[in-house]
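Undergrad: Okay, here's the structure, questions in a sec.
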């Protein structure tokens, strides 16, 4: 996510790891997996990237590579237990590296608007692509799924729309809040981190361990969609109200 490197930034693995651990972003309201698992794992990847001179943009590219390898498996590999484990690991690895690129940029002082833009563009493609890949697999491997046709296909289609709408809502609300100086909705604490676990990208990564067990995956995937849809609707309502409220001076 960057183009420059500062000479004063830590270069060794341990030094970088210590710097990252002492300068973490606030975790208030951040879903539990991202807050306590993914960010911690990302710190190790970020420290390794700094040690070996891997730039934030290169970390973003590596993250995208692993994530899209998992997406290719969803489309072209039959839904078996081996495929399920491989997909989950690839997605979790991609997600950890997705957090690592920003940490590399911050610890090296190499943040840039272009890098942040690249990170968001990759994310805006990656997550909908997962659900579209599920749709393609439902169609391509119809004999492996107990439910067929539109009674099953509507779930990944609707999940794609929900994901795109929520991502746009988050990004646009943040920009409008900064530009118009409007109030921010309350972030919440540790309890909210667990309540929002269904919205966590890490949860989506790991539900694919059920990919080789069709009835379980369909049930978990559909329930996850319904929970995400309800929370997205509530989140959009809160954002709409907060954007109509001036920030306190």
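Undergrad: Tilt of helix 81-108 relative to the longest C-alpha principal axis of the chain, in degrees (0 to 90, nearest 10)?
TA: For 81-108 against the chain, the angle is about 20 degrees.
Undergrad: Sticking with this structure for a sec: How far is helix 150-180 tilted off the main Cα axis of the chain, in degrees rounded to 10, range 0 to 90?
TA: 20 degrees
Undergrad: By how many nm would the segment from residue 219 to residue 14 grow when fully extended, if each residue of separation counts as 0.36 nm and the alpha-carbon distance is taken off?
TA: 69.5 nm
Undergrad: Given only helices, namely DSSP H runs of n ≥ 4 each adding -39500 (n - 2.57), what is the per-residue ellipticity at 222 nm of the chain, to the nearest 500 deg cm²/dmol?
TA: For the chain, the value works out to -23500 deg cm²/dmol.
Undergrad: Rounded if a/c is under 1.5, else prolate if a/b beats b/c, else oblate: with a ≥ b ≥ c from the C-alpha gyration tensor eigenvalues square-rooted, which is the range 97-206?
TA: Judged from the Cα gyration tensor, the range 97-206 comes out prolate (a/c at least 1.5, a/b above b/c).
Undergrad: Given points 7 Å out from each Cα along the Cα-Cβ axis, report the residue 125 to residue 194 separation in nanometres with one decimal.
TA: Going from the residue 125 label point to the residue 194 one covers 3.9 nm.
Undergrad: I've got another one for you. Consider the candidate values [x] 1.01; [y] 0.95; [z] 0.99; state which one is Rg/Rh (Cα atoms, Kirkwood Rh) computed from the structure displayed.
TA: [z]
Undergrad: Using only the Cα atoms of the range 31-82, build the gyration tensor, take square roots of its eigenvalues as a ≥ b ≥ c, and label the shape rounded, prolate or oblate: rounded if a/c is under 1.5, else prolate if a/b is larger than b/c, else oblate.
TA: oblate
Undergrad: Another question, if that's okay. If you line up the long axis of helix 56-76 against the longest principal axis of the chain, both from Cα atoms, how many degrees apart are they, to the nearest 10?
TA: With both axes taken from Cα atoms, the answer is about 0 degrees.
Undergrad: Further, regarding this structure: Taking the simple approach of a point 7 Å from Cα along Cα-to-Cβ for both residue 51 and residue 175, what is their distance in nm?
TA: 3.8 nm
Only the coordinates and a few stated rules stand behind these numbers; no lab work does. Remember, predicted model here, so these are calculated numbers, not experimental data. Every residue, glycine among them, receives a Cβ derived from its backbone with ideal geometry; neighbour counts consider all protein chains shown.
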